[in-house]
Each structure stands twice: as structure tokens, then as C-alpha cells.
Amino acid sequence: MRSRDLRACGWHGHVTYAPTEPELAARLRGETALGTTWRCLRCGDWVLGSPASAGPAAQAPVPPRGRALRQLLVLRLLAVERIFRATVLVAAAYGVHRFAGSQTSLQATFGSLLPAARPLAERLGIDLEQTKIIQDAEKALHARQETLTLIAVGLMLFGVLEAVEGVGLWLAKRWAEYLTVVATAAFLPLEISELLRTVTVTRVVAFAVNVAVVAYLVVAKRLFGVRGGRVAYQRELSSQSLLEVEAAGEDAEFRPHAGGRGPGRDPGLPDLAPSRPERPDGS
């Protein structure tokens, strides 16, 4: 868990904060021979230099750490998947639009190619008119322009919805979590009906993934009042940072000082200040 927090700080930088409350500030501040250090609210390491920000403790940043950081990683994986789906849907919408514009010429081309391919198909024992791909192609080629336009618009709107979900999930917005759950759950009945008609590995995997996404977001992110809802979720996020602040004042060995080592010190480095000489009595 700590290694994940350290990697996050490596990517985004440490989160240091100076509370206006003196006692709380003293728990987060340390003095070394090189200067003042402040404890990172995410990884817990001591960072040399001035704090990134200051203010009342109630307004302190609450960076995701531990479980919250793991949840953020899952959200961003979902965001990438949603953006990919959005790209495919928008490309498909554009393809249908272009197809609708050249439908007449495609019908003529298809009409000339089908008779030419029929003798070879008959020798191979294939009835072209009864193959599914030919039937689907004929349906598409003879679809009305209004139908193709509606399909293109539907694909585009669906792609935009997926893109909005993706951006919102990447930014860890709570409204995006609700939107993802509602939009994904809305298509589950359609997926069930497709499975009842024809079971394929692709459909089973897609259905299982969508169910898992809905269940994870509802339970882990406490949506729709589950496990205490938004209030409990915010309290959990705050506790993960505030507990670190309290622990910094209770565990003295984690506080850096002149001649001592903080949690971010490499044990192979020398002390920041020379140690005091021993007294004659050995103390």
C-alpha cells in the first residue's frame, strides 16, 4: 500500500500542508540541519522545504491514499475502456453516415459482384443467398436512408455518452460514477435477452464485466446510499488522511529532528547534525 502511495507522489508530487492550528502544525513539521521539513499527507514521508499550501485543518487537501488510491486506479482503467468504446462508436457512426451517402453505388457494385461469385459458390456447395453475411449485407444495402441516419445518430450519441463517462471517471467525479452505473445497468436487460437467444463467449464475458462494474461502483463508492452513502464515503476519505496526521504526533520516531532520521531518510546516509558527546557518567 505504501509503495503505491510513494509511486503516486513520484508522479504527482508530495502533498504538504501547514495547518493554522499550532499544535497540529507542530505534528506535521520537523526541523533538521538542512532546514524545515513537512510531512506528506499522502505517502507520509518528510519533505524538505516550505509546505505546498497552508490554511485551516478543515480545508486541508485530502489526497487519495491507500484504498482510495487503489479505487482511483480502477476508475481510470474504466475510463480508458470507456474512451476506447467511445472512439469505436464515433468511428462506426461516421462509417454508417458515409455508407448512407454512397448506398446507391454500393448496391450496384454488390448486384454485379453477387452473380459473378455464384458459379464458384455453387461448385463449393455454398448457397450464397442463404448465408448470413450475404443476408445481412442485403438488408443493410436496402435499408432506408432514414433508418441509416437514425443508426448513425444513435451511435454518435452513445459514443458521446461513453466519452463523457470516461472523462468523468478519469477525473474521479461522483456524478460520472452514477452515470456509469445507470447507463451500464440500463443495457443489462438487452444483454440478457441476447444471451437467452444465443450464448457466445464474447456475450458472456461482456455481460459479466458489466455486472462487475455496476456492483463494484455501487459497493466500493457507496452509491445510492449503499453502506452509508456519500456521507460515509467522505468520512472514509477524510479519515485516511486525518489518521495519518494524528499518527504523526503520537509516534515520535517518525518525527525528524536535528541528529535524527525521519521516515523519508535513507538509513545509509549520515545524520543531518552531529550527535552530542557523551557525558562523563556515560549518559
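Is it the case, given these coordinates, that V226 is at pLDDT below 95 and surrounded by 13 or more Cβ atoms within 10 Å (Cβ to Cβ)? Steps first, please.
Numbers: at pLDDT below 95: yes; surrounded by 13 or more Cβ atoms within 10 Å (Cβ to Cβ): yes.
Yes; evaluated as a whole, the condition is true for this residue.
Do we have any residue at all in the range 11-20 that's polar (S, T, N, Q) and either in contact with a strand residue (DSSP E or B) (Cβ under 8 Å, 6 or more places away or on another chain) or at pLDDT 85 or above (or both)? Give the steps one after another, and end with the answer.
In the first step, residues of the range 11-20 are kept if they are polar (S, T, N, Q); the result is 16, 20.
Next, from what is left, pick out any that are either in contact with a strand residue (DSSP E or B) (Cβ under 8 Å, 6 or more places away or on another chain) or at pLDDT 85 or above (or both): 16, 20.
Yes; the residues of the range 11-20 include at least one that is polar (S, T, N, Q) and either in contact with a strand residue (DSSP E or B) (Cβ under 8 Å, 6 or more places away or on another chain) or at pLDDT 85 or above (or both).
Between a residue in the range 165-189 that is without any contact (Cβ under 8 Å) to a residue 24 or more places away in the chain and more than 15 Å from R85 (Cβ to Cβ) and any residue that is small (G, A, S) and part of a helix (DSSP H, G or I), which pairs come within a Cβ distance under 9 Å, given they are 6 or more apart or on different chains?
Every condition considered, the pairs that remain are L171/A79; W175/G168.
When you check L24 against the structure, is it closer than 20 Å to L72 by Cα and of a type in the set (A, V, I, L, M), yes or no? Reasoning before the result, please.
On the way: closer than 20 Å to L72 by Cα: no; of a type in the set (A, V, I, L, M): yes.
So L24 fails the test.
Take the residues of the range 24-39 that are free of Cβ contacts under 8 Å to residues at least 60 places away in the same chain and not polar (S, T, N, Q): which is surrounded by the most Cβ atoms within 10 Å (Cβ to Cβ)?
Within the range 24-39, the subset free of Cβ contacts under 8 Å to residues at least 60 places away in the same chain is 25, 29, 35-36, 38.
Adding the requirement that they be not polar (S, T, N, Q) leaves 25, 29, 35, 38.
Working: A25: 16, R29: 19, G35: 11, W38: 23.
For the range 24-39, the residue satisfying everything is W38.
Would you check which residues across the range 173-189 are part of a helix (DSSP H, G or I) and either more than 16 Å from L217 (Cβ to Cβ) or not hydrophobic (A, V, I, L, M, F, W, C) (or both) and list them?
At the first step, the residues of the range 173-189 found to be part of a helix (DSSP H, G or I) are 174-186, 188-189.
Those that are part of a helix (DSSP H, G or I) and either more than 16 Å from L217 (Cβ to Cβ) or not hydrophobic (A, V, I, L, M, F, W, C) (or both): R174, E177, Y178, T180, T184, P189.
Output the residues belonging to the range 74-87 that are among the aliphatic types (A, V, I, L, M) and without any contact (Cβ under 8 Å) to a residue 40 or more places away in the chain. Break it down stepwise before answering.
Step one: of the range 74-87, the residues among the aliphatic types (A, V, I, L, M) are 74-75, 77-80, 83, 86.
Once the filter is applied, which keeps residues that are among the aliphatic types (A, V, I, L, M) and without any contact (Cβ under 8 Å) to a residue 40 or more places away in the chain, the range 74-87 yields only L77.
Just to be sure, is A93 more than 30 Å from L155 (Cβ to Cβ) and either small (G, A, S) or modelled with pLDDT under 90 (or both)? Quick ask: steps written out before the conclusion?
Numbers: more than 30 Å from L155 (Cβ to Cβ): no; either small (G, A, S) or modelled with pLDDT under 90 (or both): yes.
Here the answer is no, as A93 does not meet what is asked.
If you check S53 against the conditions, is it hydroxyl-bearing (S, T, Y), surrounded by fewer than 12 Cβ atoms within 10 Å (Cβ to Cβ) and not assigned by TED's automatic domain parsing to the domain that holds Y233? Walk me through it before giving the result.
On the way: hydroxyl-bearing (S, T, Y): yes; surrounded by fewer than 12 Cβ atoms within 10 Å (Cβ to Cβ): no; not assigned by TED's automatic domain parsing to the domain that holds Y233: yes.
The answer is no for S53.
Could you run through the range 51-71 and say how many residues are in contact (Cβ under 8 Å) with a residue 24 or more places away in the chain, farther than 21 Å from D5 by Cα and of a type in the set (G, A, S)? Before the answer, list the steps.
Keep residues of the range 51-71 that are in contact (Cβ under 8 Å) with a residue 24 or more places away in the chain, which gives 51-57, 60-71.
This time we only want the ones that are farther than 21 Å from D5 by Cα, so: 54-57.
Checking the rest, the ones that are also of a type in the set (G, A, S) come to 54-55, 57.
The qualifying residues number 3.
Check R65 against each of (1) surrounded by fewer than 20 Cβ atoms within 10 Å (Cβ to Cβ); (2) charged (D, E, K, R); (3) under 26 Å from G166 (Cβ atoms) and name the one condition it does not meet.
All conditions are met except number (1).
Residue-by-condition table, conditions (1) surrounded by fewer than 16 Cβ atoms within 10 Å (Cβ to Cβ); (2) at pLDDT 95 or above; (3) under 30 Å from A220 (Cα atoms); (4) not aromatic (F, W, Y):
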{"residue": "F99", "(1), (2), (3), (4)": "no, no, no, no"}
{"residue": "A108", "(1), (2), (3), (4)": "yes, no, no, yes"}
{"residue": "A116", "(1), (2), (3), (4)": "yes, no, no, yes"}
{"residue": "D127", "(1), (2), (3), (4)": "yes, no, no, yes"}
{"residue": "Q130", "(1), (2), (3), (4)": "yes, no, no, yes"}
{"residue": "L155", "(1), (2), (3), (4)": "no, no, no, yes"}
{"residue": "G168", "(1), (2), (3), (4)": "no, yes, yes, yes"}
{"residue": "L171", "(1), (2), (3), (4)": "yes, no, yes, yes"}
{"residue": "E191", "(1), (2), (3), (4)": "no, no, yes, yes"}
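Does V201 count as modelled with pLDDT of 70 or more and within 19 Å of L89 (Cβ to Cβ)? Quick ask: steps written out before the conclusion?
Details: modelled with pLDDT of 70 or more: yes; within 19 Å of L89 (Cβ to Cβ): no.
The answer is no for V201.
The values are calculated or read from the model by the stated rules, or taken from the named source; none is laboratory data. Quick caveat, the model's predicted, so the values are computed rather than measured. Using ideal geometry, Cβ is built from the backbone for each residue, glycine included, and neighbour counts are taken over all protein chains shown.
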